[in-house]
Structures are given as structure tokens and as C-alpha cells.
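Some notes on the structure that comes next.
Throughout, read-outs are computed from the coordinates displayed, never taken from laboratory work. No experiment lies behind these values; they were computed from the predicted model shown. FYI the Cβ positions are ideal-geometry reconstructions off the backbone, even for glycines, and counts take in every protein chain you see.
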Amino acid sequence: MKIIVDRAKCTGLGICEALAPDVFEVDDSGDLILLSDQVPDGGLDEVEAAISGCPTEALRIER
């Protein structure tokens, strides 16, 4: 499963990083960095929580 980021919607708040730190990171300039564009084994719950927690709806999973 691939993680998709809509860069036009992402504001770099870091909620995704807090919920799934092995997948998401916000750098010093506020840009989101995907540490992996694939949902890691055993990480689906964290990634889904990050997607649900994103206030700008910038994240989704492509199955």
C-alpha cells in the first residue's frame, strides 16, 4: 500500500509525524518528508491514524 501526499494541501503541522514517526517527518522548513512511501509491516494502524488526524486531508493510502 502506497502513501500519497497532496503537497498542495499539506501545511506541515506535524500531526502525522506525531502519530506515525517511522513514516512521516516535518523538516525545519515545515515540509513533509515521507521516510517511506509504503505502509510498513505492522504500521497500518499508525498510518491510518495519521491520515485521519490530518486536518487538511492531505494524506491517503492507495491500495
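Overview of values
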quantity: Local electrostatic count, Asp6, Cβ distance below 15 Å [Lys/Arg +1, Asp/Glu -1]; calculated: 0
quantity: Structure-based [θ]222 nm, the chain - -39500 (n - 2.57) summed over DSSP H runs of at least 4, per residue, nearest 500; calculated: -6000 deg cm²/dmol
quantity: Local electrostatic count, Asp41, Cβ distance below 15 Å [Lys/Arg +1, Asp/Glu -1]; calculated: -4
quantity: Charge context of Ile15, other residues only, Cβ under 14 angstrom, K/R +1, D/E -1; calculated: -4
quantity: Over the stretch 2-62: Rg over Rh, Cα atoms, Kirkwood Rh; calculated: 0.91
quantity: Separation between Cα centres of the stretch 44-58 and the stretch 1-24, rounded to whole Å; calculated: 7 Å
quantity: 5 angstrom amide H check on Val26, placed H, neighbours 5+ away; calculated: Ile33
quantity: C-alpha long axis of helix 44-53 to longest principal axis of the chain, angle in °; calculated: 30 degrees
